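See below for the structure under consideration.
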Amino acid sequence: MTKVIPDTFHDTNIELWKTSEKAKRWVLANLSRWGWFTANDPNEMPRFHMLAEETEAGPAKVIMGHDNGLITINVAEADPAERAKRREDLSERLRTMTAHFRHEIAHFLFVRLSHDAQFLSDFRELFGDERTDYGAAISSYYEKGAPEGYGVNHITRYATSHPHEDWAETTAHVMHLTDILDSASAVKLQADDVPDLGYDAYRETDSKAVIHQALELSIALNHMNRSMGLQDIYPFVVSPNVRKKMRFAHKWLFSGASVPSSGELENAD
């Protein structure tokens, strides 16, 4: 799925690309557990441009983002020191390559799911109308920041900027939480018998159960990290309103891979 690779004029970019590809493949492997982007998925696939800021021609500006299936990733952030600096500069609680891929792929999943009228109707009721001016909304966010008390309805500050970003942030967090739960089960790690031994988080149809179990486990893992003076593994407080959005995202992550593409819809009887 990677269509453009970073300039490999020096070894640093090769290592950054390698690390970025590992994160991409981890996220895609997770999504395949729900049926996304597998050999049995006949719909559109994402395309990736992996770009470096340092090139043979000189420094280049790289902006991560999604554009109708094309996902641009800045491999500079595969450097832990650079990523930590940007996390501090942007006052973000979580900034990893895995999180970047989950966020940008979530934008693409919206494109896939938006072919379903029920998805769009329910989405707009929860997240707002994604047809509002995106550029104006983002400009306003960077000028004014997130509103006071944003956590009542949004998982992160950035999620307040526009319904598209609210979806991408919320859906990425559902991917985080499901994978935390799945990884814990794989190594038989439990907190108050959560999850059950042998539990398959990616086959769980009860969205509420997935989110509840993962958040309970995350609290325990946060305490473990604090015992070593490390950052919380999941440094977020999830409000009831955000949990409702998460349940919606999980429902569509679980079943949405079967939603037909626009081309299939046009050719349907």
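For segment 183-222, give me each residue that is buried (at least 20 other Cβ atoms within 10 Å of the Cβ), touching a helix residue (DSSP H, G or I) at 6+ places or on another chain (Cβ under 6 Å) and over 25 Å from residue 154 (Cβ atoms).
Answer for segment 183-222, where residues must be buried (at least 20 other Cβ atoms within 10 Å of the Cβ), touching a helix residue (DSSP H, G or I) at 6+ places or on another chain (Cβ under 6 Å) and over 25 Å from residue 154 (Cβ atoms): 184, 195.
For every residue, the table says whether it meets (1) open to solvent by 30 Å² or more (accessible area, probe 1.4 Å); (2) in contact with a strand residue (DSSP E or B) (Cβ under 9 Å, 6 or more places away or on another chain); (3) more than 20 Å from residue 257 (Cβ to Cβ); (4) outside any loop (DSSP other than H, G, I, E, B).
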| site | (1), (2), (3), (4) |
| --- | --- |
| 73 | no, yes, yes, yes |
| 76 | no, yes, yes, yes |
| 83 | yes, no, yes, yes |
| 88 | yes, no, yes, yes |
| 100 | no, yes, yes, yes |
| 103 | no, yes, no, yes |
| 108 | no, yes, no, yes |
| 115 | yes, no, no, no |
| 118 | yes, no, no, yes |
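Please go through (1) open to solvent by less than 60 Å² (accessible area, probe 1.4 Å); (2) part of a loop (DSSP other than H, G, I, E, B); (3) at negative phi; (4) of a type outside the set (Ser, Thr, Tyr) for residue 37 and return the number of the only condition it doesn't satisfy.
So the condition that residue 37 fails would be (3).
Kindly indicate whether any position in segment 49-66 is in a strand (DSSP E or B), of a type in the set (Asp, Glu) and at pLDDT below 95. Steps first, please.
Our first condition is that a residue be in a strand (DSSP E or B); within segment 49-66, this holds for 49-51, 54-55, 58-59, 65-66.
With of a type in the set (Asp, Glu) added as a condition, the list becomes 54.
Filter once more, keeping what is at pLDDT below 95: 54.
Yes, that holds for at least one residue.
Of all residues in segment 126-153 being in a loop (DSSP other than H, G, I, E, B), in contact (Cβ under 8 Å) with a residue 24 or more places away in the chain and open to solvent by 40 Å² or more (accessible area, probe 1.4 Å), which is nearest to residue 240 (Cα to Cα)? Before you say what the answer is, go through the steps one by one.
To start, the set of residues in segment 126-153 that are in a loop (DSSP other than H, G, I, E, B) comprises 128-133, 145-149, 153.
Within this subset, residues satisfying the condition of being in contact (Cβ under 8 Å) with a residue 24 or more places away in the chain are 128-130, 132, 153.
Keeping just the survivors that are open to solvent by 40 Å² or more (accessible area, probe 1.4 Å) gives 129, 132, 153.
Details: 129: 21, 132: 25, 153: 8 Å.
Among them, the one singled out is 153.
Could you say whether any residue in segment 173-181 is within 24 Å of residue 109 (Cβ to Cβ), among the acidic types (Asp, Glu), free of Cβ contacts under 8 Å to residues at least 40 places away in the same chain and crowded, with 19+ Cβ neighbours inside 10 Å? Give the steps one after another, and end with the answer.
Let us first name the residues in segment 173-181 that are within 24 Å of residue 109 (Cβ to Cβ), namely 173-181.
Still in the running and among the acidic types (Asp, Glu): 179.
From the residues that got through so far, the ones that are free of Cβ contacts under 8 Å to residues at least 40 places away in the same chain too are none.
Within segment 173-181, none of the residues are within 24 Å of residue 109 (Cβ to Cβ), among the acidic types (Asp, Glu), free of Cβ contacts under 8 Å to residues at least 40 places away in the same chain and crowded, with 19+ Cβ neighbours inside 10 Å.
Given the options 173, 162, name the one that is in contact with a Lys or Arg (Cβ under 9 Å, 6 or more places away or on another chain) and within 24 Å of residue 125 (Cβ to Cβ).
Values: 162 fails: in contact with a Lys or Arg (Cβ under 9 Å, 6 or more places away or on another chain).
Of the residues listed, the single one that is in contact with a Lys or Arg (Cβ under 9 Å, 6 or more places away or on another chain) and within 24 Å of residue 125 (Cβ to Cβ) is 173.
Suppose we filter segment 220-260 for residues that are assigned to a loop (DSSP other than H, G, I, E, B) and more than 28 Å from residue 205 (Cβ to Cβ); how many remain? Talk me through it step by step, then tell me what you get.
Going through segment 220-260, the residues assigned to a loop (DSSP other than H, G, I, E, B) turn out to be 228-239, 259-260.
With more than 28 Å from residue 205 (Cβ to Cβ) added as a condition, the list becomes 228-232, 235.
Residues meeting the conditions: 6.
I'd like the full set of residues that are exposed (fewer than 15 other Cβ atoms within 10 Å of the Cβ), at pLDDT below 95 and more than 18 Å from residue 121 (Cβ to Cβ), limited to segment 236-257.
Once the filter is applied, which keeps residues that are exposed (fewer than 15 other Cβ atoms within 10 Å of the Cβ), at pLDDT below 95 and more than 18 Å from residue 121 (Cβ to Cβ), segment 236-257 yields only 237.
Residue 227 passes all but one of (1) in contact with a helix residue (DSSP H, G or I) (Cβ under 9 Å, 6 or more places away or on another chain); (2) open to solvent by 20 Å² or more (accessible area, probe 1.4 Å); (3) without any contact (Cβ under 8 Å) to a residue 40 or more places away in the chain; (4) of a type in the set (Ser, Thr, Tyr); which number fails?
In the conditions (1) in contact with a helix residue (DSSP H, G or I) (Cβ under 9 Å, 6 or more places away or on another chain); (2) open to solvent by 20 Å² or more (accessible area, probe 1.4 Å); (3) without any contact (Cβ under 8 Å) to a residue 40 or more places away in the chain; (4) of a type in the set (Ser, Thr, Tyr), residue 227 misses (1) alone.
If the Cβ limit is 7 Å and pairs must be 6+ apart or interchain, which residue in segment 191-203 that is more than 17 Å from residue 222 (Cα to Cα) pairs with which residue that is among the charged types (D, E, K, R)?
Between residues of segment 191-203 that are more than 17 Å from residue 222 (Cα to Cα) and residues that are among the charged types (D, E, K, R), the close pairs are 197/188; 201/182; 202/33; 202/182.
Hey, can you tell me all the residues within segment 154-168 that are open to solvent by less than 20 Å² (accessible area, probe 1.4 Å) and among the charged types (D, E, K, R)?
165, 166 - these are the residues of segment 154-168 that are open to solvent by less than 20 Å² (accessible area, probe 1.4 Å) and among the charged types (D, E, K, R).
Suppose the filter is under 17 Å from residue 93 (Cβ atoms), among the hydrophobic types (A, V, I, L, M, F, W, C) and either at pLDDT 95 or above or assigned to a loop (DSSP other than H, G, I, E, B) (or both); does residue 168 pass it? Step through it out loud before you land on a result.
Values: under 17 Å from residue 93 (Cβ atoms): yes; among the hydrophobic types (A, V, I, L, M, F, W, C): yes; either at pLDDT 95 or above or assigned to a loop (DSSP other than H, G, I, E, B) (or both): yes.
Criteria met by residue 168.
The values are calculated or read from the model by the stated rules, or taken from the named source; none is laboratory data. All of these numbers come straight from a predicted model, not from anything done at the bench. Positions of Cβ are generated from backbone atoms using ideal geometry, with glycine treated the same way; all protein chains shown enter the neighbour counts. Quick note on the areas: whole protein, heavy atoms, side chains included, nothing else; ligands and nucleic acids left out. Shrake-Rupley method; radii C 1.70, N 1.55, O 1.52, S 1.80 Å.
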